[in-house]
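Student: So that we are looking at the same thing, I have put the structure below in structure tokens.
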């Protein structure tokens, strides 16, 4: 059960966090936690409200409207041990990805789900089984892409994900708040924050104290639990900075165009109404373009789009066959003991958290060459030469504490020590696709493009 702390609401608010009359629950899926949530986390740490067992922690900030005329804050604290994920590995350096996900038969899930009652903030009462059935009917159960065989989805993984969502500290806090409302205590959720304590499992990258976003698979359940409490959308959608981001054309060829994509701009259309470079570049050129490779939203640099069927086929084949050379420039948080090296370990999408990659036997081959350029103030400037092109490959290879460089890329919202840009929300990911060499679709001659990085030490 969550632990509870009550205090004057004014103690949680700072000038930058807004007025105490805030009526919405900030979206927990995007961006840095609000100052009110950061303050609540600090209170939990100062009061030593948790044991030293590694795992996820969550604080839910609520307003108790009928307890005190001056309004008081009720802080709910919950934790989860990663016991399900820390597996004995007698003869393996890494676990298999499907072992991380676990196996839950449909029969076992249904038995457990019948006994799990869900109560929303609006007072709606149901069972996990009923929720699962309705959720499955509304959305395709797709959790992981690529990686180890068998992860593209079975009901077993979907069931395991829902059980994991119910067991998450955020869900525990929301259920406790809903029960308090049902018992007559009028609690209104204001903010939430989840963070990691202790060392991470060998296959994952988590830093003690880093902020976490709830797992992707937790989102449907949390949105249901928040029924009756308005919550914000992705703050980037309404951000003037995000909406003003535009690609810059570097080279226009008969068969393709090359653009500079700034950090914070999607490569292709996604969800949530965020702008993307493909749509904008198509409008700029007056030509329908096709993606032939991608850059992470947070990564800046050179991006190619195909214009003609011939160009699209040629460039896709070049990427697929390894005939494209790429060089990335990055700033790392930390110092490196060697001048250069090769990072080589397989990676896959976390079976229960699609936003993150992990190291796993049975994952896809991932190899990165690197060389150190300079150091200053505890940071290192490096060049990465990826020999494969996996999602988050450079970010995971840089950050992994034992298999990688143990030096995360500065500003990384998923693998850096601050985590989710909590400490420096204004800092973009300092990873830049600086150079690309690829064959001309017309004659096969190499084309080399270089774009200087927008940052330095």
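Student: Using Cβ contacts closer than 10 Å as the measure, can you line up 412, 46, 164 from fewest to most? Before the final figure, lay out each step's value.
Tutor: Details: 412 30, 46 8, 164 23.
Result, fewest neighbours first: 46, 164, 412.
Student: Separate question: Jot down the radius of gyration and Dmax of the stretch 280-331, Cα atoms only, both in angstrom.
Tutor: Considering the stretch 280-331 through its Cα atoms, Rg and Dmax are 12.4, 37 Å.
Student: Something else about it: Could you work out how far apart the two model spin labels at residue 10 and residue 450 are, taking each label as a point 7 Å from the Cα in the direction of the beta carbon, and quote it in nm?
Tutor: Placing both labels 7 Å beyond Cα along the Cβ direction yields 6.1 nm.
Student: Could you line up 300, 79 from fewest to most neighbouring Cβ atoms inside 10 Å?
Tutor: Taking fewest neighbouring Cβ atoms as first place, the list is 79, 300.
Student: In nm, what is the difference between 0.36 nm times the number of residues separating residue 243 and residue 313 and their Cα-Cα distance? Could the numbers behind the result be given before it?
Tutor: On the way: separation 70, 0.36 × 70 = 25.20 nm, distance 3.18 nm.
Stretched fully, the residue 243-residue 313 segment lengthens by 22.0 nm.
Student: Compute the helix-to-body angle for 169-182: its Cα long axis versus the longest principal axis of the chain, expressed 0 to 90° and rounded to tens.
Tutor: That helix lies at roughly 30 degrees to the long axis.
Student: If you don't mind, another one. How would you order 34-40, 377-383 from highest to lowest mean count of nearby Cβ atoms within 10 Å? Don't jump to the answer; show the numbers that get you there.
Tutor: Values: 34-40: 22.7, 377-383: 15.4.
Descending packing order for the listed peptides: 34-40, 377-383.
Student: Angle, helix 128-138 long axis vs. longest principal axis of the chain, Cα atoms, 0 to 90°, nearest 10?
Tutor: Taking Cα atoms only, the helix is inclined about 40 degrees.
Student: Shifting gears a bit: Computed FRET efficiency, Cβ-Cβ of residue 371 and residue 250, R0 25 Å: what is it to the nearest 0.05?
Tutor: Values: r = 25 Å, r/R0 = 0.98.
Efficiency, from the Cβ-Cβ distance: 0.50.
Student: What fraction of the Cα pairs in the stretch 252-354, stated in percent, has a spacing above 15 angstrom? It would help to have the intermediate numbers written out before the result.
Tutor: Numbers: 3733 of 5253 pairs.
Tail of the P(r) past 15 Å holds 71 percent of the pairs.
Student: Then there's this: Let me know the Rg and Dmax you get for the stretch 240-450 when you use only its Cα atoms, in Å.
Tutor: 17.3, 50
Student: For helix 309-320, what angle does its Cα long axis make with the longest principal axis of the chain, in degrees from 0 to 90 and rounded to 10?
Tutor: The angle comes out near 70 degrees.
Student: Order these peptides, 278-288, 351-361, by their mean beta-carbon neighbour count within 10 angstrom, highest first. Mind dumping the intermediate values first?
Tutor: Numbers: 278-288: 14.9, 351-361: 22.2.
Top to bottom by mean Cβ count within 10 Å: 351-361, 278-288.
Student: Any chance you could run the full-extension gain for residue 320 through residue 340? It's 0.36 nm times the residue separation minus the Cα-Cα distance, nm to one decimal.
Tutor: Working: separation 20, 0.36 × 20 = 7.20 nm, distance 2.64 nm.
Computed gain between residue 320 and residue 340 is 4.6 nm.
Student: Taking the Cβ of each residue in 316, 96 as the centre, tally the other Cβ atoms inside 10 Å and list the residues starting with the fewest.
Tutor: 316, 96
Student: Find the centroid of the Cα atoms in the stretch 199-215 and in the stretch 247-275, then give the distance between the two in whole Å.
Tutor: When both Cα centres are located, 31 Å separates them.
Student: Calculate, in nm to one decimal, what residue 51 and residue 137 gain on full extension: separation in residues at 0.36 nm each, minus their alpha carbon distance.
Tutor: On the way: separation 86, 0.36 × 86 = 30.96 nm, distance 3.96 nm.
Contour length minus the Cα-Cα distance gives 27.0 nm.
Student: Per DSSP helix of 4 or more residues, -39500 (n - 2.57); summed, then divided by the residues of the chain. What does that give at 222 nm, rounded to the nearest 500? Write down the numbers at each step before the final one.
Tutor: On the way: 11 runs with 104 residues, N = 457.
That comes out to -6500 deg cm²/dmol.
Student: Return the Cα extents of the chain along principal axes one, two and three, sorted largest first, each rounded to a whole Å.
Tutor: 75, 50, 47
Student: Quick one: if you take sqrt(5λ) for each eigenvalue of the C-alpha gyration tensor of the stretch 366-457, what semi-axes come out, biggest first, whole angstrom?
Tutor: On the way: eigenvalues 146, 47, 34 Å².
Taking √(5λ) for each Cα gyration eigenvalue gives 27, 15, 13 Å.
Quick note: the coordinates plus some simple rules give every number you see, no bench work behind them. Model, not experiment: these values are computed from the prediction. All Cβ positions, glycine included, derive from the backbone under ideal geometry; neighbour counts span all protein chains shown.
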